[in-house]
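Okay, so here's the structure we're looking at.
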Amino acid sequence: MLNLKAVSVRGLSGVGAKTAEALENAGVSTYYDLLCKFPRAYEDHTPRYSLSETSPEHSSALVMRISSAPRIAYTASKKRVVRFSARLSDSEPLVNVVFFNQPYLLSTFHQGEDWLFYGRVTRSTGGWFMFSPSYEKPREDYSQAVPVYPSVSGIGSKKLAKIINTCLDAIENEEVAESLLEEILEEEGLPDIKSSFFSIHRPQSREEARRASERFAFEELFNFAVASIRLSRREDTKTVTPLKPQSLTPFTDSLPFELTDAQKRVISEISGDLTGNGNARCRAMRRLLQGDVGSGKTAVAAAAMYLVAKNGAKSVIMAPTEILARQHGANLERFFKMHGIPVYLLTGSTTAAARRQIEERLLSDEPLVLVGTHALFESGINASGIKLVVTDEQHRFGVKQREKLLSMADSPNSLVMSATPIPRTLAMFLYAGLDISIIDEVPKGRQEIQTVLIPPAKKERMYSFIKDELAKGRQGYVICPLVEEDEEGTDGLLSAEEVHEALSKTLAPFRVGLLHGKMKPANKKEIMEEYAAHNIDLLVSTTVIEVGIDVPNATVMAIENAERFGLAQLHQLRGRVGRGSEKSTCVLITPSSSRDALERLSFMCKCHDGFKIAEYDLEKRGPGDFFGSRQHGDMPFAFSEGIRDVAMLEHVTEIAKKYV
């Protein structure tokens, strides 16, 4: 019987050493890993024969004859494009077909040939256009569910599709070992693993693919639930010597702001956990701290760290990105400076000398606070004196990472912080075994962010408004869904690079910066420091700024292609402005005329409560937004985006409890 998790891709026909290395760099080392690279979408290649049958909202398949010889043209940014015209019939208008950075296509397409092009058809003053469509030779058997794959570590989507199909051919006549218990498959009526992989990669219909993906979503959630339950049961058995009660007044009085009643309540709950409420032994703290954007979670965590430090012990706080880790480090240094509590930062860019210094301090008896990223896992540091582990945006880390971090300390108390509003059902699933505290109040003086929705046609007026804000000495952001304009499968979405280039001219003499996830950490750090120091007026960025940027002077944000983001993510992005006392504005820009998209974005304009937004998005889109979009891979889930029914989470958890 073939175990897909034990067969290396290096033995797959047509996969050479270079391709195998690229796959392994993307986390694909076995047949199972490869087949779990699911299509990002399915295309309906049923051909249309008239432009009147198409919509700019949806991609369509058009069988067209190439009317002009393909030629090289240039964009405003001097990038090469292949361009030619084609038409469905003599009675139909010409369609301009454009491909970015693929000059080799000059030898692929020839005047007079018929091709099936799949993509969005848009109309502008220059006529009808299709940008970067997929293409194939016309054939008689058109499919309504053609898989489209993301590119992986330098391997294009078409090459990945070919490798996956080779793998399917290799296992077609093999008996494949199942990864779920047979009784669960029977009880839940789920298809077996082999047929599910074929249904996802070679579906006869979208419904068949959907049913197969539900099987993998169930398996993933089941495995996560089992791991969470096992971890929480182990944690429940851990007792610790409680910390000695300390007066927190010196710390709270030294803060440059007044704590809200909600913050005071949560600090009291955490203090009770850490001190055991007078008991000689107590259960180690396992608490989730949820609070909306800007509600003051860091100050609450700092109060807990202060209590630990006054007991002569150490605390660790881990963040998912270096930007957020540095932000925490700066804030905590400001909070603790007058109290003599040292704060150290450990990230992937920390020098060897600084790392050795941190390791020495950790071995000493002095109290301290260590701020870090995932580099904490890889450092091999001795953290035996740590009494409190704080993880920020915990949902971005898996159960195994949480377990590993807690195992670093000898008597670990755990505080999990999340600014991502998560409905209670999801929170109970993701954070099994944790007590929950919620900061449901915003600091005094914090103004509500005005949020407006506009079509692209009104962007000129918007940029005039942004110019006025910058002229007042304020700062702003423009958020884009892409880094580069020629990323695969992007259907002409605006990219940070092209917007930055355009705005550097449009908004001159104001200084426009660029930030995105493909930059090296040192470059990202430099840009953020320049922005914080107001050496940059407007920052064009991808969602890398979603968490970890706190610039009170920023009062305006524009979000391009807002329909491509979940509401919870839009709310996180919106929270980067309005952090000072000045009135702030967030502009959502969408070319969409979809009723559902406009309803969702209109709700976003009216509602500023993150938890209400989360509940609404959950109702409309399912938990996919909380289980991470594939745009930036926030969550430890790969398959669970498609789940629409929250009851499934509860059901899976009950089954997991039975089998644990």
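Please treat every number below as a calculation from the coordinates, not as lab data. Only a predicted model underlies this, so the values are computations on that prediction, with no experimental measurement involved. Positions of Cβ are backbone-derived with ideal geometry, glycine not excepted, and every protein chain shown enters the neighbour counts.
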Task: With 10 Å bins from 0: P(r) over the chain, alpha-carbon pairs, percent - done: 3, 13, 22, 25, 20, 11, 4, 1, 0
Task: Using θ = phi - 60° and Karplus 6.51 cos²θ - 1.76 cosθ + 1.60, couplings along the stretch 578-590 (whole Hz; Gly, Pro as x) - done: x, 8, x, 9, 7, 5, 10, 9, 10, 10, 9, 10, 9
Task: Estimated distance in nm for a label pair at residue 105 and residue 206, the labels positioned 7 Å out from Cα along Cα-to-Cβ - done: 2.5 nm
Task: Proximal charge balance of residue 368 [Cβ under 13 Å; K/R count +1, D/E count -1] - done: -1
Open item on the list: Tell me which GluC sites (Glu not before Pro) from the stretch 1-102 have a DSSP coil assignment and no more than 15 other beta carbons within 10 Å of their own.
Closed with: 57
Open item on the list: Let's see if you can work this out: charge +1 on each Lys and Arg Cβ, -1 on each Asp and Glu Cβ, no other charges. What is the dipole magnitude of the stretch 450-607 about its Cα centre, in debye to the nearest 20?
Closed with: 720 debye
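Over the Cα atoms of the stretch 492-535, Rg to Rh with Kirkwood Rh, two decimal places?
1.00
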Task: Rg/Rh ratio calculated on Cα atoms of the stretch 226-296 (Kirkwood radius) - done: 1.05
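What's the magnitude of the charge dipole for the chain around its Cα centre, counting Lys and Arg as +1 and Asp and Glu as -1 at the beta-carbon? Answer in Debye, nearest 20.
Details: 81 positive and 86 negative charges, 362 e Å.
It comes to approximately 1740 debye.
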- [ ] Please work out the Cα convex hull volume for the stretch 450-607 and give it in Å³ per residue.
- [x] 109 Å³
Open item on the list: With 10 angstrom as the radius, rank 95, 7 by how many other C-beta atoms surround their C-beta, starting from the fewest.
Closed with: 7, 95
TODO: Consider a paramagnetic label point 7 Å from the Cα of residue 502 along Cα→Cβ; state which residues of the stretch 541-583 have an amide N under 15 Å from it.
DONE: 541, 558-562
Task: Label point distance in nm, residue 223-residue 522, each placed 7 Å from Cα along Cα→Cβ - done: 3.8 nm
Open item on the list: Just to be sure I follow: if Rg is taken over the C-alpha atoms of the stretch 1-84 and Rh is the Kirkwood radius over the same atoms, what is Rg/Rh?
Closed with: 1.17
- [ ] Rank-order 527-533, 327-333 by packing density, defined as the average count of other C-beta atoms within 10 Å over each peptide's residues, highest first.
- [x] 327-333, 527-533
- [ ] Please report, in Å, the Rg and the Dmax of the stretch 153-211, where both are computed over Cα atoms only.
- [x] 13.5, 41
Task: Label point distance in nm, residue 333-residue 530, each placed 7 Å from Cα along Cα→Cβ - done: 2.1 nm
Task: Ellipticity estimate at 222 nm from DSSP helix runs (n ≥ 4, -39,500 (n - 2.57)) divided over the chain, nearest 500 - done: -11000 deg cm²/dmol
